[in-house]
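Quick one: the structure is below, questions incoming.
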Amino acid sequence: MVSSRKKTRGYDDAPNVADLMYRSFSITQSISKWGVFSLEYQLLETFLVVSEVRNLTKASSILYKTQPTISNRIQQLEKEVGYALLVREKGRQEIELTPRGKQFLQTAQKIYDLYADLEVQTKTNGLTLHLSSIASLQTPLACLAAKNLLKEEDAHVQIYTYQTEDVARRIQKRKLDLALVSAPEKSEGVDCEPLFTQRYYVVRPCENPSNTIGMISINELDVACEVCQPWDDAFLQWHRTTFHERRARFFVDSYAAMKEFLQSPGYWAVLQESNVYSLRQEAHIDIFRLDYPPPLRICYLLTNHFTDRKIRPLIRRFRELLLEAEFACRIEPQN
């Protein structure tokens, strides 16, 4: 049973971190079956989001809740701590924290992180992980990580290929749990992490492929025989500069189409490392390093900054498995 306490407190009687953490643990252990644990988490999460974006409309969009719900949660939390957290003035567009609110912000973040530590014990049975991946990272990386995840967890995985401009919006509205993209994304409430890099190699079909990776010069490559995939803006800029604005005769936008061309001699292509790994399992190819290679391709992971805590363990584990898949699909060690 939670001990009784005063309805109001003076400034010096404000609950400290230890008090609130202890109360959170007590609630977790004794009355979580009544849903109080979930309620406490939601109040802290709402306060942290509002503190970050300083706008109820934006907070409502990030948490996918109505503005009255956001306001009610803040009021509930203020009742819990015993003092005002937000400055309330008519006509004010940007929300401002009270001095006490600024003081409590650090405490709230610590307790929120404590909840995150407890999430590792959350059951993931029956949960569905919704992810989007650009096509060039689906095979083999995203698919390999998903298969390994399902070996460990009694969960479900749904993989989509959404347009880049749609991904951040879906992350914000929690219609996606995470996304793999090739360009950094700056959106409200969306975390963008550079996860790993991919090197590029030249591949050419051949009847008797070499067991070693060779070296090839730009001068040895005929653009008229190139099958070009526009990996990202940095790659296209490198291509224009390196080949003096000469364009490849064949442009493709999928690994499947690329693979069809590279079944026949005479063609060549620049592929990122994980796709080279897959292709040499299915076709006879020679692999070369370039004397003047394109910039490394950076792959980014997008997640909601305040994602549903129930799915968070699955997101964390998928991220770990994705890094393991990227390491397993390297064709040579990185420096």
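Given Leu314, Leu302, which one is hydrophobic (A, V, I, L, M, F, W, C), in contact with a Cys (Cβ under 7 Å, 6 or more places away or on another chain) and within 28 Å of Glu152 (Cβ to Cβ)?
Every option except Leu302 fails the conditions.
For the range 164-204, what are the residues that are outside any strand (DSSP E or B) and charged (D, E, K, R)?
Correct list: Glu165, Asp166, Arg169, Arg170, Lys173, Arg174, Lys175, Asp177, Glu185, Lys186, Glu188, Arg199.
On to the next question. What residue, among those in the range 252-286 that are without any contact (Cβ under 8 Å) to a residue 40 or more places away in the chain and acidic (Asp, Glu), is surrounded by the most Cβ atoms within 10 Å (Cβ to Cβ)?
So the residue we want is Glu260.
Among the residues of the range 294-316, which ones are more than 23 Å from Ala183 (Cα to Cα), out of contact with any strand residue (DSSP E or B) (no Cβ under 7 Å at 6 or more places or on another chain) and surrounded by 15 or more Cβ atoms within 10 Å (Cβ to Cβ)?
Arg309, Arg312, Pro313 - these are the residues of the range 294-316 that are more than 23 Å from Ala183 (Cα to Cα), out of contact with any strand residue (DSSP E or B) (no Cβ under 7 Å at 6 or more places or on another chain) and surrounded by 15 or more Cβ atoms within 10 Å (Cβ to Cβ).
What pairs come out if I take residues in the range 55-69 that are of a type in the set (Val, Ile, Thr) and pair them with residues that are outside any helix (DSSP H, G or I) whose C-beta lies under 8 Å away, six or more apart or interchain?
Within 8 Å, the pairs are Ile62/Glu188; Ile62/Gly189; Ile62/Asn304; Ile62/His305; Ile62/Phe306.
Still on this structure: Does Gln42 qualify as being of a type outside the set (Lys, Arg), under 26 Å from Gly189 (Cα atoms) and modelled with pLDDT under 75?
No, not satisfied.
Being surrounded by 15 or more Cβ atoms within 10 Å (Cβ to Cβ) and in a loop (DSSP other than H, G, I, E, B) is the filter; apply it to the range 216-230 and report the residue that is nearest to the chain's Cα centre (by Cα).
Residue satisfying both the conditions and the ranking: Gln229.
State the number of residues belonging to the range 196-215 that are in contact with a strand residue (DSSP E or B) (Cβ under 7 Å, 6 or more places away or on another chain) and surrounded by fewer than 18 Cβ atoms within 10 Å (Cβ to Cβ).
Matching residues across the range 196-215 total 7.
What's the number of the condition Lys151 fails, among (1) part of a helix (DSSP H, G or I); (2) modelled with pLDDT under 90?
(2)
Could you give every pair whose Cβ atoms fall below 7 Å, whose first residue belongs to the range 222-240 and is closer than 25 Å to Pro265 by Cβ, and whose second residue is assigned to a helix (DSSP H, G or I) and among the aliphatic types (A, V, I, L, M), counting only separations of at least 6 or pairs across chains?
Listed pairs, sorted by first residue: Val227/Met258; Gln229/Met258; Pro230/Leu236.
Going through the range 171-209 one residue at a time, which ones are within 26 Å of Asn55 (Cα to Cα) and touching a Lys or Arg at 6+ places or on another chain (Cβ under 6 Å)?
Residues satisfying the conditions are Leu176, Glu188.
I want to confirm something. Restricting to the range 320-335 and keeping residues that are more than 16 Å from Thr139 (Cα to Cα) and either in contact (Cβ under 8 Å) with a residue 40 or more places away in the chain or polar (S, T, N, Q) (or both), which single residue is surrounded by the fewest Cβ atoms within 10 Å (Cβ to Cβ)?
So, considering only residues that are more than 16 Å from Thr139 (Cα to Cα) and either in contact (Cβ under 8 Å) with a residue 40 or more places away in the chain or polar (S, T, N, Q) (or both), the one surrounded by the fewest Cβ atoms within 10 Å (Cβ to Cβ) is Asn335.
Also: Return the residues of the range 73-108 that are more than 30 Å from the chain's Cα centre (by Cα), crowded, with 16+ Cβ neighbours inside 10 Å and among the β-branched types (Val, Ile, Thr); say none if nothing qualifies.
Val81
The values are calculated or read from the model by the stated rules, or taken from the named source; none is laboratory data. These numbers were taken from a predicted model, which means no experiment stands behind them. Neighbour counts run over all protein chains shown; Cβ positions are idealised from the backbone, glycine included.
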